[in-house]
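Take a look at the structure set out below.
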Amino acid sequence: PSRSRYPARVPSMTASLIEAFPEGIKLARPTGGFVLWIELPENVSALKLHERALAEKISIAPGPMFSATQSFPNFIRLNCGYPWSSDLERAVGMLGQMVRKLKV
C-alpha cells in the first residue's frame, strides 16, 4: 500500500483508543504521520504495559525507549499504519484493559 494511505488510518485507531482506554489519557495526533503518542495516567508504567502487551503478542513502544534519561515513564507510542481489522480492534481493547488494571 501507498505510504500516503497510512494517515487515513489514524482516526480508526484514535476512536478505538478513546473507547477502550480509561478517561484522562492524552493523545498527540501526528500531522501527516501515522504514529500516536499517548500519555497514560501518571501511575501507569509504560514498561510494565509493554511487558504485558508482549505476552499477548501486542507490540507497543514504551516512552522510556525514546529518552536517554528514561523520561516519559507513562507514555506509549502506537503505529497506526496497519489496516484496521477486528484483530487490531481486539488488541486495542486488550491494551485498554491492561491500562485499567495497571492504573489501580
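The values are calculated or read from the model by the stated rules, or taken from the named source; none is laboratory data. These numbers come from a predicted model, not from an experiment. Glycine gets a Cβ as well: all are built from the backbone with ideal geometry, and neighbour counts include every protein chain shown. Ligands, DNA and RNA are excluded from the accessible area calculation, which covers all protein heavy atoms including side chains. Shrake-Rupley method; radii C 1.70, N 1.55, O 1.52, S 1.80 Å.
Summary of values
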{"read-out": "Of all residues making up the stretch 10-30, the number that are closer than 13 Å to residue 80 by Cα and β-branched (Val, Ile, Thr)", "value": "2"}
{"read-out": "Within the stretch 2-89, strands (runs of 3 or more DSSP E) holding 1 or more residues that are exposed (fewer than 12 other Cβ atoms within 10 Å of the Cβ)", "value": "26-28"}
{"read-out": "Selection status of residue 56, closer than 23 Å to residue 101 by Cα, acidic (Asp, Glu) and under 13 Å from the mean Cα position of the chain (by Cα)", "value": "no"}
{"read-out": "Residue satisfying all of: in the stretch 26-55; β-branched (Val, Ile, Thr) and at pLDDT 95 or above; nearest to residue 93 (Cα to Cα) among these", "value": "38"}
{"read-out": "Close pairs (8 angstrom Cβ cut-off, 6 or more residues apart or separate chains): free of Cβ contacts under 8 Å to residues at least 12 places away in the same chain in the stretch 64-77, basic (Lys, Arg) and open to solvent by 30 Å² or more (accessible area, probe 1.4 Å) anywhere", "value": "66/77"}
